[in-house]
Amino acid sequence: MADRVTVIGWDGSPLSRAATAALSAATLVAGAAHHLALPEVPGPAERIRLGSVDLAARRIAGHRGSAVVLADGDPGFFGVVRTLRKPEHGLEVEVVPAVSSVATAFARAGMPWDDAQVVVAHPRTLRRAVNVIRAHHKVAVLTSPGAGPAELALLLDGVHRTFVICEELGTARERVTVLTSDKTADHTWRDPNVVIVVGSGPEATANGAWIAGRRPAQREDVRGWALPGASYDGSGDGGEGESPGLRAAQLARLGPRTGDLVWDIGSGGGALAVEAARFGAAVLAVDSDPDACARTAAAARSFQVAVQVVRGSAPHVLESLPEPDVVRIGGGGVPVAIAVADRRPERIVTHASNRDEAEALGAALAENGYTVECALLQSVELDTSAWTERERSVVFLLAAVRSDLAP
């Protein structure tokens, strides 16, 4: 094993005394081409072009002498330190940090970033990164080849955002460009780059900022979930699909989370769509009724969350929507259930008012590759002044999990 392993962050500024001392004693140096070209790298040292960090870690583990790994920005922030410290490599490292590329990007843009989400986009995580952009006001994206500004913009597909693209930060070729998302895909961008995406929902106010990133619920006066329907549109519960008890059970089975895209088909007053967004998910609320669409949009504004409202009739309108992770079906029967199943979301929830309808929905989902559970939910609202029954609700809840994911 190497006698000493030092990881040095590089942000384009002159190296610190500690970094220079570690490099001068190095017998092995790993880094990108522009790192290995630094004049501080000793001539006799073995040089490793850093591609796979795991491969470099194995080389370092077998090296006798002092090793240095050079990395852009802060190597402990979505950087090489995590990989080097994996148990299988057995490396203990010292870190000399630099300003992270995310901090530098926001500095170049002249923007605060304690209210920003930070995500890493690889080809395999690109869709989830885009879902975070859909759901949050300010997102910094650490990109990679094949998952850069153009790919992010293309997947947003008509959702308007402002892109601040920061290319090759800290180098002589540094460039910062501000474009709208519809223009971003028309350009070729140099790697490495960091993208700041701004646009959905309200910006956090200074007096409300006390925790980094987006808070789960923006409105400080709201506590709890499955709020009464009147909390959303002032008109009370909008039918059985809007009842707080059913909504709570549906959300519990869907489990919306940051990085997910939720379809809420038949959004009604927007209660479930808003609550899914309050969990941090991106939400598409679909309804054919223009009044329902307006109520959903108003509820999203009131709760300060980003919900994209789509007016149209299912199942036809679903064909043009991006791929969902979880889906709530508020109406439309078997044809809509089949159309949703064809898009292969991880989870689907729906409800029925009678057993025949529940059996038909359950059979359609099971025949299309889902493991289905059904529960009969009954709730009775009481008038506590006289402890008499005020309202009774009985509904069949169907929860379906894609068979390849079912326990």
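The values are calculated or read from the model by the stated rules, or taken from the named source; none is laboratory data. Just so it is clear, the model here is predicted, and its values are computed rather than measured. Glycine gets a Cβ as well: all are built from the backbone with ideal geometry, and neighbour counts include every protein chain shown. Just so you know, the surface numbers come from the protein's heavy atoms only, side chains and all, with ligands and any DNA or RNA stripped out. Shrake-Rupley method; radii C 1.70, N 1.55, O 1.52, S 1.80 Å.
Look at Asp74 and say whether it is touching a Lys or Arg at 6+ places or on another chain (Cβ under 7 Å), closer than 30 Å to Thr177 by Cβ and not in a helix (DSSP H, G or I). No: the conditions fail for Asp74. Tell me which residues, restricted to region 101-134, are in a loop (DSSP other than H, G, I, E, B), farther than 12 Å from Val198 by Cβ and open to solvent by less than 50 Å² (accessible area, probe 1.4 Å). Passing the criteria: Ala121, Thr125. Whether any residue in region 244-261 is touching a Ser or Thr at 6+ places or on another chain (Cβ under 6 Å) and either buried (at least 24 other Cβ atoms within 10 Å of the Cβ) or at pLDDT 85 or above (or both) is what I want to check. Checked against the condition, which is being touching a Ser or Thr at 6+ places or on another chain (Cβ under 6 Å) and either buried (at least 24 other Cβ atoms within 10 Å of the Cβ) or at pLDDT 85 or above (or both), region 244-261 yields at least one hit. When the residues of region 339-356 are filtered to those that are open to solvent by 60 Å² or more (accessible area, probe 1.4 Å) and assigned to a helix (DSSP H, G or I), the one that is nearest to Ser288 (Cα to Cα) is Asp342. Taking the criterion of being part of a helix (DSSP H, G or I), touching a strand residue (DSSP E or B) at 6+ places or on another chain (Cβ under 8 Å) and at negative phi, would at least one residue in region 304-311 satisfy it? The answer is no, given that none of the residues of region 304-311 is part of a helix (DSSP H, G or I), touching a strand residue (DSSP E or B) at 6+ places or on another chain (Cβ under 8 Å) and at negative phi. Of everything in region 288-329 that is of a type in the set (Asp, Glu) and without any contact (Cβ under 8 Å) to a residue 40 or more places away in the chain, the residue that is surrounded by the most Cβ atoms within 10 Å (Cβ to Cβ) is Asp289. Would you check if Leu284 is closer than 25 Å to Leu361 by Cβ and open to solvent by less than 10 Å² (accessible area, probe 1.4 Å)? For Leu284, the condition - closer than 25 Å to Leu361 by Cβ and open to solvent by less than 10 Å² (accessible area, probe 1.4 Å) - is met. Taking (1) in a helix (DSSP H, G or I); (2) out of contact with any His (no Cβ under 8 Å at 6 or more places or on another chain) in turn, Ala57 satisfies each apart from (2). In region 150-171, the condition of being among the aliphatic types (A, V, I, L, M), within 30 Å of Ser13 (Cβ to Cβ) and modelled with pLDDT under 95 is met by at least one residue.
Of all the residues in region 351-407, those that are among the aromatic types (Phe, Trp, Tyr) and either more than 20 Å from Asp325 (Cβ to Cβ) or at pLDDT below 95 (or both) number 2.
State whether one or more residues within region 357-376 are more than 34 Å from the chain's Cα centre (by Cα), free of Cβ contacts under 8 Å to residues at least 60 places away in the same chain and open to solvent by 50 Å² or more (accessible area, probe 1.4 Å). There is at least one residue in region 357-376 that is more than 34 Å from the chain's Cα centre (by Cα), free of Cβ contacts under 8 Å to residues at least 60 places away in the same chain and open to solvent by 50 Å² or more (accessible area, probe 1.4 Å). Only residues that are in a loop (DSSP other than H, G, I, E, B), over 17 Å from Ala282 (Cβ atoms) and touching a residue at least 40 places away in the same chain (Cβ under 8 Å) were counted across region 135-169, and they come to 4.
Criterion applied to Leu28, Leu70, Leu50, Leu55 was being closer than 20 Å to Leu91 by Cα and surrounded by fewer than 14 Cβ atoms within 10 Å (Cβ to Cβ), and the one residue passing it is Leu55. Among all residue pairs at least 6 apart or on different chains, which show Cβ distances below 8 Å where the first residue, located in region 331-348, is free of Cβ contacts under 8 Å to residues at least 40 places away in the same chain and over 12 Å from Leu361 (Cα atoms) and the second is open to solvent by 50 Å² or more (accessible area, probe 1.4 Å) and not in a helix (DSSP H, G or I)? Matching pairs, first to second residue: Arg343/Glu323. Hey, can you tell me all the residues within region 239-265 that are touching a residue at least 40 places away in the same chain (Cβ under 8 Å) and over 24 Å from the mean Cα position of the chain (by Cα)? Matches in region 239-265: Glu240, Gly241, Ser243, Gly245, Leu246.
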